[in-house]
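Contents: one structure, followed by commentary.
What follows is calculated from the coordinates using simple rules that are stated; it is not laboratory data. Owing to the predicted nature of the structure, the values given are computational and were not obtained by experimental measurement. Neighbour counts run over all protein chains shown; Cβ positions are idealised from the backbone, glycine included.
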Amino acid sequence: MLILGLSGFFHDSAAALIADGQLVAAAHEERFSRIRHDPAFPAQAATWCLQQAGIDQSQLDFIVWFEKPLRHFERLLETATAFAPRGLRSFTAAMPPWLEEKLWMPSVIRRHFPRATNAALAFLEHHQSHAASAFFPSPFQKAAVLTVDGVGEWATASWGTAEGNRIQLIRELHFPHSLGLLYSAFTGHLGFRVNSGEYKVMGLAPYGQPVHADIIRQQLLDRRSDGSFRLRQEFFQYCHGLRMTNRQFTRLFGIPPRTPESLLLQCHMDVAASIQVVAEDLLLDMARHVHQQTQLENLVMAGGVALNCVANSRLQREGPFNRVWVQPAAGDAGAALGAALFVWHHLLGKPRKPPTPDGCRASLTGPSFDSPRIQSVLRTYGVNHQHFSDEKILTQHVAQLLAQGKTVGWFQGAMEFGPRALGHRSILADARSHSIQTALNLQVKFRESFRPFAPVVLREHAHKWFTTEPDADLPYMLFTAQVHPDKLTQLSATDRHTLLHSPDLLQRVRIPRSLIPAVTHVDSSARIQTVDHIRHPKLHRLLTAFENLTGCPVLVNTSFNVRGEPIVCTPEDALACFQATRLDVLVMEDCLIVDKHFTPPQRTRLTAQSGQQPDLRMLRQFALLWMLLNISAVVTTHIQQRPTWVPLCLSAVAALSIPAIVYPALARPLFLFLIWATTPLRWLTSRLLLLTIFTGLVCPIALLLRCLRHDPLQRHPSDKHSFWQSTDRHTSSPLRPW
């Protein structure tokens, strides 16, 4: 049985295909469209998944969407009425995509898969998809489940239990009270992009002190001991505005919103440290409550907040669970996989055997390119390269280049699924270098200088270099560890004086000297990835060769991309990135490139409009409609006894539409011209219509509901001992979009 899971329209769209319960392929839409965090329908990712499996659309048994679109729309309407007459701008911005496409998801899916006539459609709840992505690929037979993110339909966090092939979510928190949105509010206030810059806040936090943590706890939160809470909405604007925070939020902290790309000050670092520690506290409280209620030894997690590796590590270290497993694609992309697995195991009742070591296939589920294909690309662009027929010689040569301080683009095997590069689409460098972090940040990645890099280390030696258990398995960069004390020494008086008088504020921190400074953050932590010879055999051999040369089994591993672009997918992407940066070496499979004197591939970055090009079916329908309109005009002009040339011209136009019905591509220029010509009129008409609806319908309903004390967003103070709510799953059939 073939099941295709899909997620999209918000951020990190993705597709995942399973065959008889086994993961076959999974990929992000952004890797194909080259638009970072692409929210578009995952058409290209889904097409690739089907091609990878060698099947046609007609062979699909289920197509599963990762959330309930109509329930999501209900939440938008409830929010609009709760805040009206405020929120007109956000209402007019949010409604057009919903009215044009998102409300009609069954039709949208059928349009993208016209031959999948026998495939049943299913619509899961957002946190059901997250929960399934967390449990079914996990190595546990039985576990507690905790999902935490910004928001799904209504839920912002949920918990429950899972055993065998069943998942039961028991309680959830509801919008607008959200740990993910709280963290995103601070992300936006610090000048980073919401839904993509949260990891920057996490990386900035160790530079500061949590001096504002008590203000956050006392002024922004109405908190309970079981991890449930409510946010005081008078400080936020994400429900009814185009920004996350408001002026009252700014006055509370006395720190104005930071302009993107402006200088980072100590106050910004302190704010980052404060929200990080509060987020960790809330997550830890949730986990303790879940353990108290379930009495289970294992915990699985998903949702965007589960990508906070610092919080995960504290939960593993201080929490009540013996083992914590986090979905490597914990965000909305991974929900596509969870949706497909939920249908297979939970809906269809198929048995499940816990996979070993897990069911994610090391997250290596994307496109791969063999050596002949890569060599063909290199010849096409005239790239001088060296081909190695012996992999041992290649890895030894690359290890020598790394030991000489070279930065290496490492393009091998299948692309990773999830936000992390795990050694197949990576940039590698010598972790012992004191200058490599600055060089990579400023000359290769073109990103902020404070951003730390992750270490990739041989699993069998990880405990000698980091504070991990012997043979600890940490393959996904989802946990941090301290650099082993034996690998740290204190700064000399001279070095400390130099740092304290540095003009760069980020360097005026007492950083311990490390044997691996390129991957040691200011608090001596590192977001570790362990490598074994089973999941990453080639990378394991490279690390082994590097250790034999240097005595160090650790390398810098960062994603193979530049700031603002997705991780590279194809050989063409890798060549373009290699030439546009100061990378020293590019290794693609068994080909090594040093010379950058070649014609670069065109960097095909689609725009939002180009991502919505009409397909042949749409063009054929347009040609037929155009012909019918002209025929109607002919009849009308004939009845009105207009001059003869008028119906003759219209008849000619109608006749010209006939070839376009047979060959739809002929209608494309006219279709695009009409779209372009009518865009201003459509924009104005839609805004006027939405203004009329908002003022004439939403505002009166809002006034009535306030008189009735209707409070769906739970904004009023409450003395409840807990804010967790029942999930009420019995009204939610997976076969309906509501």
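Remark: the range 452-467, residue by residue, has Karplus-estimated 3J(HN,Hα) of x, 10, 8, x, 10, 9, 4, 4, 5, 10, 4, 5, 7, 10, 9, 7 Hz, where x stands for each Gly or Pro and the curve is 6.51 cos²θ - 1.76 cosθ + 1.60 at θ = phi - 60°. Give, as a single signed number, the net charge of other residues whose beta carbon lies under 15 Å from the beta carbon of Lys392, with Lys and Arg counted +1 and Asp and Glu -1. So the environment of Lys392 carries a net charge of -3.
For the range 303-400, what is the Kirkwood estimate of the hydrodynamic radius, computed as the reciprocal of the mean inverse distance between distinct Cα atoms, to one decimal in Å?
Numbers: mean 1/r = 0.0551 Å⁻¹.
Hydrodynamic radius (Kirkwood, Cα only) of the range 303-400 equals 18.1 Å.
To the nearest ten degrees, helix 69-83 and the longest principal axis of the Cα atoms of the chain are 90 degrees apart.
Using the Karplus relation 6.51 cos²θ - 1.76 cosθ + 1.60 with θ = phi - 60°, the per-residue 3J(HN,Hα) values for the range 107-119 come to 5, 4, 5, 5, 5, 7, 10, x, 8, 8, 5, 8, 7 Hz, with x marking Gly and Pro. Over all pairs of different C-alpha atoms in the range 357-484, the reciprocal of the mean inverse distance, the Kirkwood hydrodynamic radius, equals 17.0 Å. Along the axis of the charge dipole computed for the chain (Cβ charges of +1 for Lys and Arg, -1 for Asp and Glu, origin at the Cα centre), the listed residues Ile658, Ser368, Tyr183 are led at the positive end by Ile658. Scaled against 2.2 N^0.38 Å for its residue count N, the alpha carbon radius of gyration of the chain is 1.02.
Estimate the FRET efficiency between Arg709 and Val662 by the formula 1/(1 + (r/R0)^6), using the beta-carbon distance for r and 56 Å for R0, to the nearest 0.05.
Numbers: r = 62 Å, r/R0 = 1.11.
Efficiency computed from Cβ-Cβ geometry: 0.35.
With K and R counted +1 and D and E -1, the other residues having a Cβ less than 12 Å from that of Ala80 yield a net charge of +1.
Rg/Rh, computed from the Cα trace of the range 371-593 with Rh as the Kirkwood radius, has the value 0.97. For the listed residue pairs Lys68/Lys720; Lys68/Lys538; Lys392/Lys445, the alpha carbons are over 31 angstrom apart in Lys68/Lys538.
Determine the dipole magnitude for the chain: charges of +1 sit on the beta-carbon of Lys and Arg, -1 on that of Asp and Glu, nothing else is charged, the reference point is the Cα centre, and the result goes in debye to the nearest 20.
Around 1400 debye, computed over the chain.
Quick one: helix 43-53 against the long Cα principal axis of the chain, what's the angle to the nearest 10°, folded into 0 to 90? That helix lies at roughly 70 degrees to the long axis. Distances between placed amide hydrogens fall under 5 Å for Trp325 paired with Leu299, Val300, Met301, all partners being 5 or more residues away or on another chain.
Count charges around Trp48 for me, please; just the other residues with Cβ under 13 Å from its Cβ, Lys/Arg as +1, Asp/Glu as -1.
Numbers: positive: Arg31; negative: Glu29, Glu30.
In short, -1.
Can you pull the Rg over Rh of the range 237-377, Cα-only, Kirkwood? Mind dumping the intermediate values first?
Working: Rg = 21.0 Å, Rh = 19.3 Å.
Using only Cα positions, Rg/Rh for the range 237-377 is 1.09.
The range 100-189: percent of C-alpha pairs farther apart than 22 Å?
Working: 1881 of 4005 pairs.
Looking at the range 100-189, the distances longer than 22 Å represent 47 percent of pairs.
Mean residue ellipticity at 222 nm, helices only, the chain: -11500 deg cm²/dmol; runs of at least 4 DSSP H residues each add -39,500 (n - 2.57), and the sum is divided by the number of residues. For the chain, averaging the sequence separation of C-alpha pairs within contact (under 8 Å, six or more residues apart) and dividing by the residue count gives a relative contact order of 17 percent.
Compared with the dominant Cα axis of the chain, that is its longest principal axis, helix 571-580 is turned about 70°.
Quick one: dipole size for the range 252-402, taken about the Cα centre, charges +1 on Lys/Arg Cβ and -1 on Asp/Glu Cβ, in debye to the nearest 20. My answer is approximately 500 debye. When the Cα positions of Ile534, Thr468, Pro256 are compared along the charge dipole of the chain, Pro256 comes out farthest toward the positive end, with charges on each C-beta of Lys, Arg, Asp and Glu.
Go through 351-363, 545-557, 372-384 and give me the packing order, highest mean Cβ count within 10 Å leading.
On the way: 351-363: 16.8, 545-557: 20.9, 372-384: 15.1.
Listed from highest to lowest mean packing, they are 545-557, 351-363, 372-384.
In a simple Cβ point-charge model (Lys, Arg +1; Asp, Glu -1; nothing else charged), the range 24-139 has a dipole of about 260 debye relative to its Cα centre.
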